[in-house]
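S.K.: Below is a structure I'd like to ask you about.
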Amino acid sequence: MKKLILLCSVLLIGSAGMLSAQETVLRHFPNETNASEIFHFPGFQQTIQGDLLNLPDGGFTFPQLNYLKKADDDMWLLDSTYGYEWDTTANDWFFKNRLYAFYDSRGNLIKMLSSSREKGTTEWINSNMFIYAYDENNNIIESVSYSWDTNQNDWVYTSKTTYAYSTNSTERISYSWDTDNNDWIYDRKATENYDNNGNLTEKANYKWKEDENKWIKVTKDTYTYDENGNMKEHLSYRGDTYTNEWINNRKQTFAFDDNGLLNMVYVYYWNSAINEWEKAGKTVYSYNEVNDVIEVTDYTWSFSDNDWVANQKTVMTYYENEQLKQKTISLWDDTQNQWIYYIKTEYEYDGGDEPVLITSYKWDEALNNWKGYYKMSYEYDEYGNAITRIYYLWNENDMDWRGRFKTVYFWSQLSGFHVAQQPETFSIYPNPVRDNVTIHYKGFKNGAVQVELINIQGQKVFGKQYNLTNNTDVNISLPGLSKGMYMLVIRGKDFVQKEKLVIE
C-alpha cells in the first residue's frame, strides 16, 4: 500500500532553514536499515508532514532531513548543503548559507557546522555547531549544541541532551547552559516505552522546576495495538499544574477494514465537568482497487445539530505506476452547502521514485479558477540522491514564477571525505572565488598531487599536477569557468581530499 504521506529527503538551508538551537530526537536504526528507514538529523525541527500549506513570502520549512540513505548496497551520507536566495537587484542567486556534516568510520553523524554571510560581503560567519557521541551499538548518547558568539569570536554552549537506553525504553534529558554559573541545568526530560514487538506504547514529557527541585509532568501519550500490530487507540494526557498528576486530554480510536486498511479515525476530548469523553472529529479514508488512498474526509462534531459536519476533503489521483499525480484539498462551505476548492498540488516524475516537480495552486473565488501558489523543482544524481532543489513563489505582478531559494546537496558514500579520522590537510580561500583561488597545504608528506576541479555534472574542467611541501600555498588561476558549484579534488599517493568551491 502506498504511504499516505509523501516525504522528500531533502533540506533547505535558507533564510528560514538555518539550524535550530533546540534539540530533537535522533533514533538510530540497525545497519540493515532499508530505504524507508532513515537516520534523521538532530537539531532540525520537523514542522510539517507532506505538502506545504502556509508559506510566508520570506521563507518556508520542509519535512525532516535524511542524512543517511541506503540504496541497494550503497550507504550514502549527506556531506554538505549550500543554500542560496534570489537577489532581485543582481538578478542572480546569492550564496547565503552552508552546512557541513562530519561522520565517524561507522557512518554516525558526529558534527555539523553551519555558517552564513550577508549580501555585499565575502566573510562567512559561523552560526551553529552540533557535536554527537554514540555508544558501541551506534545509539546516540549525547548531543551538544553551540552558537557562535561574535563578541568573543568563539563557540558558546547553547544546549545539551543525553540519551539512555534499556531493553524496552529510552530516556532523553535536555539541559540549557547557565551563563551565570557556567554549568548545565536541567530543562526537559522525555521518556519512551516499547513493547516486545518494538511498538511505542508510552511517551511522556517533563519540565524541570528549579524552585521545587523536581520534574513537572507536561504531556503523556499511550498507545495500544491489535493482534495485527495496528494501532487501535491513542490516549493523550496533560499534567495538572497543581497536583502534578496526569489528566485526560484527548483520545483517538482507529478502525480497519478486512484488508487491514485504515478506514476511520475518531477524535474525542475529555470533558472534566461531566468526566466523559466527547466527540470532536472523525476522518474517513477511501481506497481504490490497488489500495491507494484516493480520498480523505475530515468531519467535526456539531453539538447543536447532534451530527457530524463536513470540514475538509482531500482527493488523490495516481499515475498508472501508482505514483501520486495530484492532490486536491477542498473546504466545506456551510453557506453554499458544498465543497469549495482550496489547494491543488500536482506531481511530476522522470522515471524515478521521487518527484522532479511539485506545483501547488490556490483557488481564486473571484476568478473562479486556480492561480499559482508555490512550486519546487528537484534534480537527482544517478543514485537517486537529491542534488538540487529550487523553491518558487507565484508573482502576482509578473504573473509568473519567481525563484526564492535554491539548495545544492553533496553526497558521499560511507567511506567518503568528511570522515573524522581523516585530518583536514588543506584549506582554500577565498570561497566563493572569482578568478584565483589559493590552496594552503598542511600536515602531510612532501610529494606530487593532482588537483582537479569537477563541475556539478561530474565533468572535470581543470586538472594539473603540483609538487608540494608542507605548509605552503599554491595559487591557481580559474579564468573562463561558469558561475556555480564545483568540487575541488586533491589526489595524493595515499589520500584523497575534497572541498566544495563556488565560482561567482
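The values are calculated or read from the model by the stated rules, or taken from the named source; none is laboratory data. Just so you know, these numbers come straight off a predicted model, no measurement behind them. Positions of Cβ are generated from backbone atoms using ideal geometry, with glycine treated the same way; all protein chains shown enter the neighbour counts.
S.K.: Confirm whether GLU202 is among the acidic types (Asp, Glu) and either farther than 25 Å from PHE256 by Cα or assigned to a strand (DSSP E or B) (or both).
M.R.: Values: among the acidic types (Asp, Glu): yes; either farther than 25 Å from PHE256 by Cα or assigned to a strand (DSSP E or B) (or both): yes.
Spelling it out, GLU202 is indeed among the acidic types (Asp, Glu) and either farther than 25 Å from PHE256 by Cα or assigned to a strand (DSSP E or B) (or both).
S.K.: So, in segment 325-368, exactly how many residues are hydrophobic (A, V, I, L, M, F, W, C) and within 20 Å of THR297 (Cβ to Cβ)?
M.R.: Just the residues of segment 325-368 that are hydrophobic (A, V, I, L, M, F, W, C), to begin with: 329, 331-332, 339-340, 343, 356-358, 363, 366-367.
Checking the rest, the ones that are also within 20 Å of THR297 (Cβ to Cβ) come to 329, 331-332, 339-340, 343, 363.
Of the residues in that region, 7 qualify.
S.K.: Do we find that LYS313 is closer than 30 Å to ASN385 by Cα and part of a strand (DSSP E or B) in this structure? First the steps, then the outcome.
M.R.: Working: closer than 30 Å to ASN385 by Cα: no; part of a strand (DSSP E or B): yes.
No: the conditions fail for LYS313.
S.K.: For segment 354-418, please list each of the strands (runs of 3 or more DSSP E) lying entirely inside it that holds at least 3 residues being in contact (Cβ under 8 Å) with a residue 60 or more places away in the chain and surrounded by 15 or more Cβ atoms within 10 Å (Cβ to Cβ). Working first, answer last.
M.R.: Details: elements: 357-364, 369-380, 386-395, 400-413.
Fully inside segment 354-418 and qualifying: 369-380, 386-395, 400-413.
S.K.: Moving to a separate point now. Which condition number does SER166 fail, the rest of (1) small (Gly, Ala, Ser); (2) in contact with a strand residue (DSSP E or B) (Cβ under 6 Å, 6 or more places away or on another chain); (3) farther than 26 Å from ASN249 by Cβ being met?
M.R.: (2)
S.K.: May I pose another question? Among the residues of segment 214-233, is there at least one that is of a type outside the set (Val, Ile, Thr), farther than 28 Å from TYR266 by Cα and either surrounded by 17 or more Cβ atoms within 10 Å (Cβ to Cβ) or out of contact with any Gly (no Cβ under 6 Å at 6 or more places or on another chain) (or both)?
M.R.: Our first condition is that a residue be of a type outside the set (Val, Ile, Thr); within segment 214-233, this holds for 214-215, 217, 220-221, 223, 225-233.
Right, trim to farther than 28 Å from TYR266 by Cα and you get 214-215.
Subset that is either surrounded by 17 or more Cβ atoms within 10 Å (Cβ to Cβ) or out of contact with any Gly (no Cβ under 6 Å at 6 or more places or on another chain) (or both): 214-215.
Yes.
S.K.: ASN455 - would you say it is outside the structural domain of ASP381 (by the TED database), out of contact with any Asp or Glu (no Cβ under 9 Å at 6 or more places or on another chain), surrounded by fewer than 12 Cβ atoms within 10 Å (Cβ to Cβ) and modelled with pLDDT under 80? Even if it seems obvious, please write down each step before you answer.
M.R.: On the way: outside the structural domain of ASP381 (by the TED database): yes; out of contact with any Asp or Glu (no Cβ under 9 Å at 6 or more places or on another chain): yes; surrounded by fewer than 12 Cβ atoms within 10 Å (Cβ to Cβ): no; modelled with pLDDT under 80: yes.
In short, no.
S.K.: Hey, another quick one. Mind listing whichever residues of segment 295-306 are surrounded by fewer than 16 Cβ atoms within 10 Å (Cβ to Cβ) and outside any loop (DSSP other than H, G, I, E, B)? Walk me through it before giving the result.
M.R.: First, pick out the residues of segment 295-306 that are surrounded by fewer than 16 Cβ atoms within 10 Å (Cβ to Cβ): 295, 300, 302-306.
Within segment 295-306, GLU295, THR300, SER302 qualify.
Rundown of residues vs (1) aliphatic (A, V, I, L, M); (2) at pLDDT 95 or above; (3) part of a strand (DSSP E or B), yes/no style:
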position	(1), (2), (3)
ALA190	yes, yes, yes
TYR223	no, yes, yes
GLY229	no, no, no
LYS232	no, yes, yes
SER236	no, yes, yes
LYS279	no, yes, yes
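S.K.: Could you list, in sequence order, all residues of segment 344-353 that are outside any loop (DSSP other than H, G, I, E, B) and surrounded by fewer than 16 Cβ atoms within 10 Å (Cβ to Cβ)?
M.R.: Narrowing segment 344-353 to residues outside any loop (DSSP other than H, G, I, E, B): 344-348.
Correct list: GLU348 only.
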